[in-house]
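To start, the structure under review is shown below, and the notes come after it.
Please treat every number below as a calculation from the coordinates, not as lab data. Since we're looking at a predicted model, the values are computed, not measured. We place every Cβ from the backbone using ideal geometry, glycine too, and count neighbours over all the protein chains shown.
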Amino acid sequence: MRESLGKSLRRVGESVAGGAGRKPMNSGYSHHGANVTKKGLIGWDSTSFGADEDIDRNIVLLRQRSRDLYMGGALVAAGALKTTRTNVIGAGLTVKPSIAGSILGISSDEADVWQQKAQDEFGLWGESKDCDAARRNNFAELQQLAFLEWLLDGDVFAALPYIPRPGNPYDVRVLLIEADRVCDPARKDPSKDICQGVETGRNGEVTAYYICNQHPVYSGFYSKPKKWKRVAAFGAKTGRPNILHIMESERAGQSRGIPMLAPIIEAAKHLGQYTEAELIAALVAGMFTVFISTETPDVPMGESAIPLDEQIDAGDESSIELGNGAVVGLRPNEKATIANPGRPYAGFESFVTSMCRQVGAALEIPYEILLKQFTASYSASRAALLEAWKMFKMRRSWFVSDFCQPIYEEVITEAVAKGRLDAPGFWSAPEIRKAWLKAEWYGPTQGQIDPLKEVNAAVTRVENGFSTRARETSELTGGDFEMNVRQLAHEETLMREAGLKKEGGKEGDAKQILDDPDEKDDE
């Protein structure tokens, strides 16, 4: 009895596992994501290699398609890049030196004086177009150009050459290099590990970049012989960065970046084509289009009711022009058919919105921000802004770390070397130099749907110690709290001197005070 029951249980187990005599199949990924027998997955070619191999084979085409989408292939793609650029960089990120006074052994007042001087010196360099090696942009404009290049092409490079110029106290310049120019030389050294113009060492560290003297694909009339220059990533003696590489890494060992639009290139292209088709269909529907069908195509069509001297295309014998209330005579076997494309399609808007939701999810931009469509409630709109702001702040932090801060450090280092800034111990130790070079960067603020609620929330955070006045000022208005306090003190003095505010009181009615001299005297 027991033996018979055991056999029955084994048969049930075998049946559940996939049949008698067969081993139980793994019910993990092989039944789902790694399945190769299901009809929906059997044709899925998902072969992948290392980071550099995957990117190296496709990066040129990805850049070209990303640029095409930005230049008009899909309006939503251009909007995504510009929206990100405007919110992250805006009119340019502003530096606020923040030296570590406790490490340097100086008082807060001394630190304030030095920080203001450093900010003025950096402004002297960055507000002039001399900071650009090409003398085309000031530093704020260089920021937005470099950032947009980063998003559009996947990465961008900046060299920091020393170019003396009359009338300018600083020699360090910024030379932006488009991603295409950093590429493999025509003759690669087989003993070196070079991928897309980036040479790496034994541990994967970047050791040099290979820069072409022009766009590698350019072959126009003014094309020069292509030459590649090997530029060491860092100075051999000083350790100073010779090249800044701005990119977003997605995989370990990745040498080159990929465009921000890469995940949505196919969807954005089809969406652009669909939108264009609907636009053309709507344009056709807006015209009274008539087709003439005939059984005798060799016989000329009937004459137009419009006099010959009033016809727009009188020279075209194949056309019949229509006029207001005109009756056109047709020849035998000819029939007029009115075209009615039935456009615009009623579901066009909902479909595009649905697609933009998916595109926005891939780019971390809620569709309300992507389409600039705030029709939901306050809570929903604010949630969309907060979610987008996480991505904007993240990319700003990366850009500051890779581009803005290294350039600031180069300029301040030159200022100290030339004696324009006094920084005791600057050259004695790396940690002392780092303490003098610390800084914070501020840019466009998050934006406010209901300013009063936002300000009240900021006040509550400050009162409970969750934040500081300096941080809230920068995030709410992009301003500087210390500068605001100094300016307010100056304005208060002016108000009192003009008799527009009583000592220890509130602002009065300016007109009443000026019209009543007795009240003014009493003050």
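Among R187, R433, what is the fewest-to-most ranking by other Cβ atoms within 10 Å? Each step should come with its number before you reach the end.
Values: R187 7, R433 17.
Ranked by crowding around the Cβ, least crowded first: R187, R433.
Please give the direction-averaged projected area of the C-alpha convex hull for segment 42-123, in square nanometres with one decimal. Intermediate results must be reported in sequence, preceding the final value.
Working: hull surface 45.6 nm².
The orientation-averaged projected area of the Cα hull of segment 42-123 comes to 11.4 nm².
Based on other C-beta atoms within 10 Å, arrange S354, S128, S191 from fewest to most. Numbers along the way, then the final one.
Details: S354 12, S128 16, S191 5.
The fewest-first ordering by Cβ neighbours comes to S191, S354, S128.
Please work out the Cα center distance from segment 112-185 to segment 435-481, rounded to the nearest Å.
If you average the Cα positions of each part, the centres end up 28 Å apart.
Thinking of segment 354-504 as a set of Cα atoms, what percent of all their pairs are more than 22 Å apart? If you can, show how the numbers build up before the last one.
Details: 7168 of 11325 pairs.
So the pairs more than 22 Å apart make up 63 percent of the total in segment 354-504.
Based on the alpha-carbon gyration tensor of segment 154-283, what equivalent-ellipsoid semi-axes (square roots of 5 times the eigenvalues) come out, in whole Å, largest first? Spell out each step's value before the answer.
Details: eigenvalues 238, 89, 60 Å².
Sorted largest first and rounded, they come to 35, 21, 17 Å.
Using the structure shown, list the pairs from K129/K224; K96/K117; K96/K438; K129/K438; K117/K418; K188/K229 with a Cα-Cα distance above 18 Å, or answer none. Spell out each step's value before the answer.
Details: K129/K224 28 Å; K96/K117 11 Å; K96/K438 9 Å; K129/K438 25 Å; K117/K418 14 Å; K188/K229 12 Å.
Table pairs above 18 Å Cα-Cα are K129/K224; K129/K438.
Counting only other residues whose beta carbon sits under 10 Å from that of L145, what net charge do I get with K and R as +1, D and E as -1?
Working: positive: R85, R136; negative: D132, E141, E149.
Net charge in that neighbourhood comes out at -1.
For segment 83-241, what does the relative contact order come out to in percent, with C-alpha contacts under 8 Å and a separation of six or more? Show your work: numbers first, answer last.
Numbers: 206 pairs, mean separation 21.3, N = 159.
With pairs under 8 Å counted, the relative contact order is 13 percent.
Length gain on complete extension for the stretch W427 to N242, per 0.36 nm per residue less the alpha carbon to alpha carbon distance? Mind dumping the intermediate values first?
Working: separation 185, 0.36 × 185 = 66.60 nm, distance 1.96 nm.
Length gained between W427 and N242: 64.6 nm.
For an R0 of 25 angstrom, estimate the FRET efficiency from the Cβ-Cβ distance between L452 and T493 and round to the nearest 0.05. Before the final figure, lay out the partial values.
Values: r = 29 Å, r/R0 = 1.15.
Taking R0 as 25 Å, the efficiency between L452 and T493 is 0.30.
Please work out the FRET efficiency for the pair N213 and D54, using the Cβ-Cβ distance as r and a Förster radius of 25 Å; give the result to the nearest 0.05.
0.30
Å³ per residue of the Cα convex hull, for segment 415-476? Mind showing how you got there, number by number?
Details: hull volume 7.8 nm³, N = 62.
Cα convex hull per residue, to the nearest whole number: 126 Å³.
Neighbour counts of other C-beta atoms within 10 Å: give me D171, D402 arranged from fewest to most.
D171, D402
Sequence-distant or interchain residues sharing an amide H contact under 5 Å with Q196, placed H: which?
D184
Tell me, Kirkwood radius of segment 359-440 from alpha-carbon pair distances, in Å? The partial results should precede the final answer.
Values: mean 1/r = 0.0631 Å⁻¹.
Evaluated over segment 359-440, this radius sits at 15.8 Å.
Send over the Kirkwood Rh of segment 170-222, from the inverse of the averaged 1/r over different Cα pairs, rounded to one decimal Å. Write down the numbers at each step before the final one.
Working: mean 1/r = 0.0782 Å⁻¹.
Evaluated on segment 170-222, it is 12.8 Å.
Which translational diffusion coefficient, to the nearest whole µm²/s, is obtained for segment 81-138 from the Stokes-Einstein equation, given a Kirkwood hydrodynamic radius over C-alpha pairs, 37 °C and 0.692 mPa s?
This corresponds to a translational diffusion coefficient of 240 µm²/s.
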